[in-house]
Amino acid sequence: MQAFIFPTLIISSSLFAEPMSDEGLINKQQDTAEFIPYQCDGNAIISENNGVFSLHTLKYFGTSITIDIYDHQISDARGALCKSLNVIQKYHYLASNYSTYPHVTNIKTINNSPSETHHIAAELTELLASSIEWYGLSDGYFNIALSPVIDIWRKHRSDCNKKGICTLPSKSDLKYASRLTHIKDIHLDVEHNTITMAPGMSIDLGGIAKGWMAEKVYDQLKADGITSFMINAGGNIRHFGRHPEGREFVTAIEDPQCKKYDYQLARCQSQSGLYHQIIKGEDLTVVSSGNYLRYFTVDGKDYHHIIDPKTLYPKEQGISVSTILDSQHIYADVISTTLFLMPLEDAIKFTDDNTYIKAVWYLDSDGNKAYSKNFNEVSDVNIK
């Protein structure tokens, strides 16, 4: 059997599951409020093993992020990895909806005073503009303005999982919050880099920011001359070039039921049962969205964290979708979330109409699946 390193895919989730610390990047002398430029030391571990240079950090986007560089002739791998970390840090601070920082106007800053006009970085303008555009492209299934509704569900999930108080949001609370979720009430001036929203609104970039960041890291690595690498941003897999063994990169997609039940199911004890799909190729993005990690249970029924903007409730059908892109990589999270929320027939049509997307849907606890018509282009059945 050929030896593989199998990066495990997890679902895309709301950005920053818990409030993040300042990672030691802000000067502790608050009286000066002086910002120390992004640093590598102390914010990531860089290592080398048999010619593979790796960066690993747990400090950003509420998840583990790893970058592996496979080029054997690299004069300054550490420098390239540190530049990539700087990209991660920049988008972490811009996209955070949990904390404000002295050196940046970010999503939390905007949410704190939505009706004020905020001057923002051009990078955040670009991210927000694409987010707004995808509301229309996704037929409304992707909506960064859904944050007030998501916050209600998040509180009920937290109360259940941490306090044992397990109740559902009231329909009246959800309906009231939905008044503040209209994308047209976000006024973004892309020429002058300003944003103003209706009073009471808030936005959440959890459905786009991590995949967007991964693609910006990809751009930085290529700009630094790196020709073979893999990024694993909490399960968002992005790779480029070929494996040092001369083959295409291989990514295993974990059976979501194994993850949900902490690998206690009998089938999860073997490699063929643990991974339900194998993906191979060059220059691909692989990302999954599903209902099996963040959820709570009320009266024996699970309610997960991916909220359907059209119903204001978690989608009931389906367990996960895994999306593979060979272009438009920066929209990986958006497309994956959209394909999970859409009715299956609509999702398959959306995928088949956009040939750069390949997808597999894990439909139920019996392991039944559905595929896009071109999925075989990236599928590898050799998992035995």
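Overview of results
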quantity	calculated
Debye-sum result for the chain in log10 I(q)/I(0), which assumes one identical scatterer on each alpha carbon, at q = 0.06, 0.12, 0.14 Å⁻¹	-0.23, -0.97, -1.32
Rounded to whole Hz, the Karplus (6.51, -1.76, 1.60) HN-Hα couplings of the stretch 183-191, x for glycine and proline	4, 5, 8, 9, 10, 10, 9, 6, 7
Computed lengthening from Lys155 to Asp139, 0.36 nm per intervening residue step minus Cα-Cα distance	3.0 nm
Angstrom value of the Kirkwood radius, inverse mean 1/r, which spans all Cα pairs in the stretch 161-271	19.4
Rounded to whole Å, sorted largest first: equivalent-ellipsoid semi-axes of the stretch 331-384, Cα gyration tensor	18, 15, 10
In order through the stretch 370-376: 3J(HN,Hα) via Karplus (6.51 cos²θ - 1.76 cosθ + 1.60), integer Hz, x for Gly, Pro	10, 10, 6, 5, 9, 5, 4
Burial ordering of Leu363, Leu339, fewest other beta-carbon atoms within 10 Å first	Leu363, Leu339
Cβ crowding within 10 Å averaged over residues, with 275-284, 166-175, 321-330 ranked highest first	321-330, 275-284, 166-175
Prolate/oblate/rounded label for the stretch 114-197 (Cα gyration tensor, a/c 1.5)	prolate
Residue order, fewest to most beta carbons within 10 Å, for Phe350, Phe142	Phe350, Phe142
Mean separation of Cα contacts under 8 Å, 6 or more apart, over the residue count of the stretch 114-197: relative contact order %	45
Using a Förster distance of 41 Å, the FRET efficiency for Thr297-Lys184 (Cβ separation, nearest 0.05)	0.70
Paired Rg and Dmax values of the stretch 30-168, which use every Cα atom, in angstrom	19.2, 57
Per residue Cα convex hull volume in Å³ - calculated over the stretch 236-351	126
His192-Arg242 pseudo-label distance in nm [points 7 Å out on the Cα-to-Cβ vector]	5.4
Between the stretch 38-79 and the stretch 281-335, the Cα center-to-center distance that results, in Å	28
Distance violations [Cα-Cα > 20 Å] among Lys301/Lys349; Lys280/Lys315; Lys259/Lys369; Lys83/Lys222; Lys259/Lys301	Lys301/Lys349; Lys280/Lys315
Length gained when the stretch Ser115-Asp76 is fully extended (0.36 nm per residue, less Cα-Cα span)	9.4 nm
Under the Karplus curve 6.51 cos²θ - 1.76 cosθ + 1.60, θ = phi - 60°, whole-Hz ³J(HN,Hα) for the stretch 91-105, x wherever Gly or Pro sits	6, 4, 5, 5, 8, 4, 10, 10, 9, 9, 9, x, 9, 8, 8
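Quick note: the coordinates plus some simple rules give every number you see, no bench work behind them. Quick caveat, the model's predicted, so the values are computed rather than measured. Note that each Cβ is placed from the backbone with ideal geometry, even for glycine, and that neighbours are counted across all protein chains shown.
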